[in-house]
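One structure below.
The values are calculated or read from the model by the stated rules, or taken from the named source; none is laboratory data. For clarity, every value in this text was computed on a predicted model and none was experimentally measured. Cβ placement follows ideal geometry from the backbone for every residue including glycine, while neighbour counts extend to all protein chains displayed. With ligands, DNA and RNA removed, areas are computed over all heavy atoms of the protein, side chains included. Shrake-Rupley method; radii C 1.70, N 1.55, O 1.52, S 1.80 Å.
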Amino acid sequence: MSARPDVERHVESACPLDCPDACSLDVTVAGGRVVAVGGSDTNPVTRGFICAKVRRYPEHLYGPSRLTHPGIRTGRKGEGAFRRASWDEALALVAEKMLAVRREVGGEAILPVSYGGSNGYLSQDTTDARLFYRLGASRLLRTVCAAPSGRAAMGLYGKMPGVAYQDYAHAKLVVVWGMNPSVSGIHLVPYILAAQKNGARVVVVDPRRTRLADGADLHLALRPGTDLPVALSVIRWLFESGRADRAFLARQARGAEELERRAAPWTFERAAAESGVPAKDLEAFARLYAETSPAALRCGWGPERNRNGGSAIAAILALPAVAGKFGVRGGGYTLSNSGAWKEIDGMAAAGEPEPATRAVNMNRVGAALAERGAGRVALLFVYNANPLMTLPEQQRVRAGLEREDLFTVVFDPILTDTARYADVVLPAATFLERTELSRGYGAFVLQRADAVIEPYGEARPNHAVFAELCRRTGVARPGDPESAEEIERVLLGSSRRGPALASALARDRIAYLEEGASPVPFVDVFPRTPDRKIDLVPEALDREAPRGLYHYEPESARGRFPLALISPATDRTISSTLGELHRAPVPLGIHPQDARARGLRDGDRIRVFNDLGSVACRARLDERLRPGVVFLPKGLWSHNTDSGTTANALSPDTLTDLAGGACFNDARVEVERLPA
Ligand code: SF4
C-alpha cells in the first residue's frame, strides 16, 4: 500500500449485489477514494470483466444521493427533508420508539423490511435478525423474487446444484427460458457463445426478442404467464412419442406416472392456443430438446412472476429429468445455485431461533401498512431494500409510508425514494467500506473481502448498527457475536468444512464447493431430497398449490385492460440498486401494431393505466415485443417517469400458486395518449 495519497493502489474485492455472478473485483483507490471498479481474475467464472452497472460504483459512493450522516425528518413525509443528527441522537430516538411501540402496542407492530440490497452474509440475518427476533417483531416473508422457484426447486431436487456456467460451453443445445443474460447475470453469455461456436443450437423462450434471441435457432415468444402449458406440452410429447427416458426416471425419480397424467391434456395445439406460440414451433422445440445432448437449460425468474409461477418453474425443471438430460457435463438445468452453499447456516449468527410471530408477505406490505386496529404496523424499519419502488401495489405502499402515525426508519447508503418518507435516515456503509463474506447464486464461489476504503462520511456497517440497537433496546446478551470477525467465525463454523473454508478464504479470498467449481449433476451431485431421487410431484407442493401442482389457471377476462405489462431487468440497475444514477426518462415499450391501434406514435406522451394506478411517460415503438405485450423495466425510480410512479403501480398484490410470490407479469393495462 502506498503512503502517498495521490498514488493509485489496487485492492481486491468481491461483488455481493443481487446478481448470480459474484464477480471478483479489482478496485482502484487514490487519495483514499475509489476511482475505478473493474474485474479481477480471482473468480474463474467471471474472468476479469464486470457489468457496466458496477463500473459506475464510484458515482454511487460519492454522488449527491449518498447519505453521509444520520438525519431526522423536518419536512412532510416524502419530501426528503432532514436535519443533521448525531448517531447517538438518531439511535437513541429509534431505540426509544422501538421500546415504546413494544410496550404500548406489542412487538409485532414493528415490521422490518429488507431484501437483496446486498446478498452478503454479513449484511443481513445476523445482528438485525437478533434485534427483531428478541423484540418480538413481525417477520417478513421475503417473497418478492425467487420464492416460488426456490420452493419448486426444493420440492423436485432439494436444491441440487445446477449446471455450472462454464459447462454451458460443452452443451450442444442451450435453452434460455425467461431470462435475459445479456443484461443480468452477464457472465453466462460468453459460455453460450462458445457453445454456439462449437455448433450448439440455442432456443430462447421469452415474450421479447432479446439479444440472445436474435442469434437463436428458435425463439418462442409466448404470452406472459403461459410458461406452464408450454412446458407441459413438451413433457406430454416426450412421454407420448417414446422420447421420455423411462429408464432414468425409474432409477432416479418418483412421480413420473403422475406427471405424465397431469401433462396429458396439453397437446401442442392446446398449449399454442394459450401461449400464442405456433404448435409447429412447440413441436420443433420438443424434438430439438429430445434429440440433442448435452442440453443445458437456463431457467430464469420471469416464468415465476404470475399466478401459475410455482407450477411453471416445476414443469420447466422437470424437463431434463423426463428427457434424460442429466449425467453428462453441460446437461441439466441451472436456476439459483444459492442452495449449493446450504452447508453454511446463514442464520447462525442471529443466535436465536426464529420466533412464531406474525408473518407478513412482502408482496403485501402495502396492505399490511393499511391495517388498523390490532394488526397496525407502528414502526417500519427498512434496510437493504427500497420497497416503494420494488413492491407491488405501489400506491398502497406509498399511502402507508405517508401515514403520520407510522414511524419509519430507513438505513441505506443512498437517499432512496423510500428513504424520502423516513422519520429517521441512517447512512449505511457500502460493501467496499466494510468486510463482507458472500456467495454466488450462479457461480459456485464463496468470497471474502475486507474493506477497500474507510466508510464515507459517517456511514456504518449493518451488523454494527444493529448490534448497537440490541444494546440500546436491552436485548443484547453477553457473548453475542457482534464484530465482522466474530460473525464470520460463527457462519463458517456452522459448516462442517468451516476450517477448510476459512483457510481457503484467508489464502485465496475464494473457496469452492466440496464437489469443486463445476460439479456435474447426477455424476458429482445428486438431488438433496431424502431418498436422493427427483420428486416430480412432491406431495407438499401439491398440497400447497390451491388446485394442485401443474394446474393451469387461465387468465381472467382482460376487459378494459387488454395489454400484458412485463417489467424485466435492464442493464442499468440491479433490481432498484444504482437507480439514482439512471436519471433519464424511461419510455414504455409497445409493439407498433398496438400503438397503431391506439393512434400512438413513437415519442408520444402517454398514460399506462389500470384500476390500481397509472404511469405517465413516453411511448417507444418496439418491434422486439410480441403484440399485446408492453414493457416498462423493473428497478425504475420516481425520477424516471413523469408521474413518479413505475410499473409496480400497475402490479397486483395477488400471489403465485407456490410460496406467495409476486405476480408482476399478471399486470394488465391500457395505454392512451396524453395531451402534448
Ligand atoms: S452486479 Fe453481477 S455482473 Fe455486475 S459486478 Fe456484481 S456480480 Fe458482477
Interchain or sequence-distant (5+) residues whose placed amide H lies within less than 5 Å of the amide H of VAL360 are ARG139, LEU140, LEU141
For the stretch 301-362, the accessible surface attributable to carbon and sulfur atoms (probe 1.4 angstrom, ligands and nucleic acids excluded) amounts in percent to 54 percent
Dividing the helical contributions, -39500 (n - 2.57) per DSSP H run of n ≥ 4, by the residues of the chain yields a 222 nm value, nearest 500 deg cm²/dmol, of -8000 deg cm²/dmol
Put +1 on the Cβ of each Lys and Arg and -1 on the Cβ of each Asp and Glu in the stretch 416-465; which of PRO427, TYR441, ALA451 then has its Cα farthest toward the positive end of the dipole?
TYR441
In whole Hz, the Karplus estimates of ³J(HN,Hα) for the stretch 445-457 (6.51, -1.76, 1.60; θ = phi - 60°; x where Gly or Pro) are 10, 10, 10, 10, 9, 7, 4, 8, 9, 5, x, 6, x
Once phi is turned into ³J(HN,Hα) by the Karplus curve 6.51 cos²θ - 1.76 cosθ + 1.60 with θ = phi - 60°, what whole-Hz value does each residue of the stretch 293-301 show in order, with x for glycine and proline?
9, x, 10, 9, 10, 9, 9, x, 9
Assuming a ≥ b ≥ c are the square roots of the Cα gyration tensor eigenvalues, decide whether the stretch 389-445 counts as rounded (a/c under 1.5), prolate (otherwise, with a/b larger than b/c) or oblate.
oblate
Per residue, how large is the accessible surface of the chain? Use a 1.4 angstrom probe and give square angstrom.
36 Å²
Please go through the stretch 408-514 and write out the trypsin sites (Lys or Arg not before Pro) that DSSP classes as loop and that have at most 10 other C-beta atoms within 10 Å.
ARG496
Taking Lys and Arg as +1 and Asp and Glu as -1, residues besides ARG208 with C-beta under 15 Å from its C-beta add up to +1
What is the distance in Å between the Cα centroid of the stretch 243-279 and that of the stretch 564-622?
36 Å
Relative contact order of the chain, please, whole-number percent, based on alpha carbon pairs below 8 angstrom and at least 6 residues apart.
21 percent
For LYS280, list the aspartates and glutamates whose Cα falls under 19 Å from its own Cα; do not include residues on the same chain fewer than 8 positions away.
ASP206, ASP217, ASP227, GLU240, GLU269, GLU291
Carbon plus sulfur fraction of accessible area for the stretch 195-278, probe 1.4 Å, in percent
44 percent
Find the percent of Cα-Cα distances in the chain that exceed 32 Å, and round it to a whole number.
50 percent
Violations at 19 Å Cα threshold for listed pairs LYS172/LYS325; LYS342/LYS634; LYS53/LYS342; LYS159/LYS634 -> LYS342/LYS634; LYS53/LYS342; LYS159/LYS634
With every protein chain in place, the stretch 457-589: carbon and sulfur % of accessible area (1.4 Å):
51 percent
